[in-house]
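Novice: Mind having a look at this structure? Questions to follow.
The values are calculated or read from the model by the stated rules, or taken from the named source; none is laboratory data. None of the values given here were measured: they were computed from a predicted structure. With ideal geometry, Cβ positions are generated from the backbone for all residues, glycine too; neighbour counts draw on all protein chains shown.
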Amino acid sequence: MREWFRLTMLTLGLIALGIPAFQPPDRKPTSLPRSWIVPSADDVAAEVSELPFDLFVDDSYRMYLMRFPERITALGMADQFGVTDDRLNDYSDSYTEGTRRIESTILDLLGRFDRDRLTPAERVTYDVYEWYLEDRVQGQRFSPAFYPMDGPLPFSLTWPPNQLLTSTYPIDSRNEVLAYLDRLRRVPDQLKQLQGWLERQADNGVFIPPSVVLSEMPWMLWVPFPEERSYSPLFACLREEIKNAKAISTPDRGQYLSEAWSIMVDRAIPEYVRFEDWLYELTGSAPDRVGMGKTEEGSAYYAFLLKHFTGLDIPPEEVYQLGVAEVERAQREIRDELGRLGIPNDGSMADLLSRVEEGSGSILGNALRDRYIALKDAAREETSGRLPVPERDVRIVAGWFERPFYWKAPHDGSSLAELHLRFDLYVPTFSLPSLIYSETYPGRHLQVALAQESDVPLIQQEEAFPAFSAGWAAYADDLAAEWGWYDDDPYGYIGHLWRRLERAAIAVYDTGINLKGWTYDQALSYYASATGKDPYEAALEVYRYGIWPGQGTIGLVGYEKILELRRKAEEGLQSRFDPDRFNALLLENGNVPLSVLEKIVEGYIESNSN
C-alpha cells in the first residue's frame, strides 16, 4: 500500500483501537477523533511520479480531491478516502496556496507521459486531465484580485453547506451524527475566512463585490439559521434524518438534536449576526458596477472565465453576438408558433407570455408534484429506446430555492440524484415539459448519471465541465422535439422555445455586463424585455448569474457547440450518419470539456467516413 494511503489507514487503525489521532481542547467527549491527513504537493509527487498512466491519473486526482472535504461528502466517498465527514472547505490563503502547488505539480508530472503511446481511451483521459489542470494553473494568476474560481464567494452566496447539511449529508449512525455536529461547529470559522478574504480585497483596492451583490448576501446566508427551530430547513432536515436512522436510539436522538440546536444558537447564529452587520458596513463602500471589464486585467479575467466555464477559446464579443442572434430567432419562432395556434402574436414579449400562461393554465401543490413525476417517468421510458438510460433514477423533491436545482447522486450510489422544485407556487403548465426533459431524461440527469456509471476514470465520472452538461441539457430538449414529444403539446412546444429564449438572453446580459459595461439595471431591463418575465423573476436570474461572471454563457455555448458537431457529423458521414449513434457517442466518455468533445467527434467522423 502506498505511503500516503498507509498513513491514512494507520490513523484509522488508531481510531479503531480507541486511540484518538488528535483531540482539540474544546472537543466534547462524544466527538470523533480526526482522521484527515491532507496531502501536500511533495506528498503527491512522492506517491504518483513513478506510477503507470492509469494509476497516476486516478491516484493524483484522488489526492487532489482530499483538499476539498465538502466535495468528498457530496461524492459519498468518505469511506473510500478513509476520512470522516466532519470538515468544511478551507479558504485560507495558506491552504489555497498549497492547493495551487498541487495543481502545478500534477500538471508537470502529466507532461512526462507520451500521449502518442497511450490507447485511444487513455488519450481522451489525458486531454481531459490536461485541460482540467491547465485551467486551474492559468487561473492562479488572477487570484486573489477577483472572485475566486473555486473559492468562497460565488458558492457562499447560495452557501454550499446549506445543501451539504440538508440533502446530501449521510446520517445513518452515531458516528455520522457526530461528524455532522463537528461540521456545524466549523461554520463560524468558514465565515471568518470569507470575511478575511473580502477584507483583503477591500484593503488592496483591487476588487470587492458590487453593492447589489453584498446587499443580498446577508439574506442568502441567513436562510438556514433562523432563531426559531420550526423555520430552520437545516434543523428540520437533521431531525428527519435522525428520526429515520435505525442505529440511533430514541434517547440519543433527542440528545443529538439538542446539541445541534445549541451549536446553532451558541456559535453559528451569533457569528451570522456579526457577519451580517459587517456586510452591511462593507456595502456602503462597495462599487455600484457589476461587470469585470472595467480594467484591462478585469477584461483578461473575464476572457479566462469564459474559457473556464465553456471549455472553449471563444471571444466574449462572439458570445454576445451569438446570444443576440439567438434571442431574435427564438422571439420570432415564438410569434410564428402563436400565430399558427390562432393566438394574437403582436405586442411585447410580456404580452405574449401573459397570453400563453392564460391559455395553458397554472398548477401547484400535489398536482404539480404529480405532474412533474409523471412527465419524468414517461420521459425515462421513451428515452430507453433511443439512448442508454442510467440504472439510477432521479427523485423529484420539494425545494426551497426559487429556481429548479439539480443535485447529482453521490458516487457510492447510497442515494438518488434529486431535482429540487417548488410545489408551493403556481407554475404555468406550458413550462413543465421542457424543464423536465432538460433536467431529467434525456437531459442533465441522464448525462450526469451515465458518466457516474461509465467505465472511465474518476475525473470523467465526477468532475463538472459546465458547458457540456448544460449544453447537453439544452440539446436534449431539442431531441424531445425531434422525437415527437411535443407533437400533441403545442403549449409545451412554446415552453421549449421560451427556454431557448431565456438561455440566449442570459448569455447576452452576462456578456453585456462584463464586456459592454452594462449596469445591473440595464441587465435587468434587457432580460425582462427580452423574455417577458416580471421584474421579480428577472431580478432572480440577473442576480443569480451576475455574481458569477461567464457562468451564464454555458447553456447557449454548449448547446451551439453540440449542434455544430452534429452538423459536422451529418456532412462528413452523409448517409452513414446515425443520430442515435451520434448522441450515444457524446455520452460514452463521461464528463469532458467541449474542446475534448470536439476532438472525439472529429475522430469518429474521420474513422467512419471512409
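Novice: Which pairs have Cβ atoms under 7 Å, sit 6 or more apart or on different chains, and link a residue in region 452-477 that is within 12 Å of TYR129 (Cα to Cα) to one that is among the aromatic types (Phe, Trp, Tyr)?
Specialist: Short answer, once both residue conditions are applied: LEU458/TYR61; ILE459/TYR61; ILE459/TYR129; ILE459/TYR132; GLU463/TYR132.
Novice: Taking only region 461-518 into account, find how many residues are among the acidic types (Asp, Glu) and farther than 25 Å from ALA379 by Cα. Walk me through it before giving the result.
Specialist: So the first thing to find is which residues in region 461-518 are among the acidic types (Asp, Glu), and the list is 462-463, 477-478, 482, 487-489, 502, 510.
Narrowing the set further to residues that are farther than 25 Å from ALA379 by Cα leaves 463, 510.
Looking only at that region, the number is 2.
Novice: Under 7 Å between Cβ atoms, which residue pairs at least 6 apart in sequence (or on different chains) link something in region 572-598 that is not assigned by TED's automatic domain parsing to the domain that holds GLU453 with a partner that is of a type in the set (D, E, K, R)?
Specialist: PHE577/GLU570; ASP580/ARG386; PHE582/ARG566; ASN591/GLU463; LEU594/LYS561; VAL596/ASP127
Novice: Looking at region 421-463 only, could you name the residues that are surrounded by fewer than 23 Cβ atoms within 10 Å (Cβ to Cβ) and in a loop (DSSP other than H, G, I, E, B)?
Specialist: If the condition is that a residue be surrounded by fewer than 23 Cβ atoms within 10 Å (Cβ to Cβ) and in a loop (DSSP other than H, G, I, E, B), then ARG422, PHE423, ASP424, LEU425, TYR426, SER454, ASP455, VAL456, PRO457, GLU463 are the ones that fit.
Novice: Let me ask something else. Restricting to region 130-158, name every residue that is modelled with pLDDT of 90 or more and aromatic (Phe, Trp, Tyr).
Specialist: TRP131, TYR132
Novice: Turning to a different aspect of this structure: Criterion first (under 27 Å from GLN193 (Cβ atoms) and buried (at least 20 other Cβ atoms within 10 Å of the Cβ)) does VAL83 satisfy it?
Specialist: So VAL83 passes the test.
Novice: Here is a further query. Could you check, for region 16-30, whether at least one of its residues is at pLDDT 50 or above and either not assigned by TED's automatic domain parsing to the domain that holds LEU178 or not aromatic (Phe, Trp, Tyr) (or both)?
Specialist: no
Novice: Another one. What's the number of the only condition in (1) farther than 22 Å from VAL542 by Cα; (2) part of a helix (DSSP H, G or I); (3) under 29 Å from the mean Cα position of the chain (by Cα); (4) in contact (Cβ under 8 Å) with a residue 40 or more places away in the chain that ALA374 fails to meet?
Specialist: Result: ALA374 fails condition (4) only.
Novice: Here is a follow-up. Counting just the residues of region 316-361 that are out of contact with any strand residue (DSSP E or B) (no Cβ under 9 Å at 6 or more places or on another chain), outside any helix (DSSP H, G or I) and in contact (Cβ under 8 Å) with a residue 40 or more places away in the chain, which one comes out surrounded by the fewest Cβ atoms within 10 Å (Cβ to Cβ)?
Specialist: SER348
Novice: Given GLU453, GLU418, GLU402, which one is under 17 Å from LEU586 (Cα atoms) and of a type in the set (D, E, K, R)? Give the steps one after another, and end with the answer.
Specialist: Values: GLU418 fails: under 17 Å from LEU586 (Cα atoms); GLU402 fails: under 17 Å from LEU586 (Cα atoms).
Of GLU453, GLU418, GLU402, the one residue that is under 17 Å from LEU586 (Cα atoms) and of a type in the set (D, E, K, R) is GLU453.
Novice: Okay, moving on. Kindly establish whether GLY347 is under 30 Å from ASP510 (Cβ atoms) and at pLDDT 95 or above.
Specialist: Answer is yes for this residue.
Novice: Working only within region 250-270, note down all residues that are among the aromatic types (Phe, Trp, Tyr) and touching a residue at least 60 places away in the same chain (Cβ under 8 Å).
Specialist: Across region 250-270, the qualifying residue is only TYR256.
Novice: Still on this structure, please answer the following. Determine the pairs where a residue that is part of a loop (DSSP other than H, G, I, E, B), located within region 238-249, has a partner that is not hydroxyl-bearing (Ser, Thr, Tyr) with Cβ atoms under 7 Å apart, the partner being 6 or more residues away or on another chain.
Specialist: Short answer, once both residue conditions are applied: ALA245/ILE171; ALA245/ASP172; ALA247/ASP172; ALA247/ARG174; ILE248/ARG174; ILE248/VAL177; ILE248/ILE242.
Novice: Mind listing whichever residues of region 390-420 are modelled with pLDDT of 95 or more, surrounded by fewer than 20 Cβ atoms within 10 Å (Cβ to Cβ) and part of a loop (DSSP other than H, G, I, E, B)?
Specialist: GLU391, ARG392, ASP393
Novice: Related question: Suppose we filter TYR604, TYR559 for residues that are under 20 Å from HIS445 (Cβ atoms), among the aromatic types (Phe, Trp, Tyr) and either crowded, with 23+ Cβ neighbours inside 10 Å or modelled with pLDDT of 95 or more (or both); which single one remains?
Specialist: Being under 20 Å from HIS445 (Cβ atoms), among the aromatic types (Phe, Trp, Tyr) and either crowded, with 23+ Cβ neighbours inside 10 Å or modelled with pLDDT of 95 or more (or both) holds for just one of TYR604, TYR559, which is TYR559.
Novice: Also, I was wondering about something else. ASP127 passes all but one of (1) at pLDDT 70 or above; (2) under 30 Å from SER299 (Cβ atoms); (3) in contact with an Asp or Glu (Cβ under 9 Å, 6 or more places away or on another chain); which number fails?
Specialist: ASP127 satisfies every listed condition except (3).
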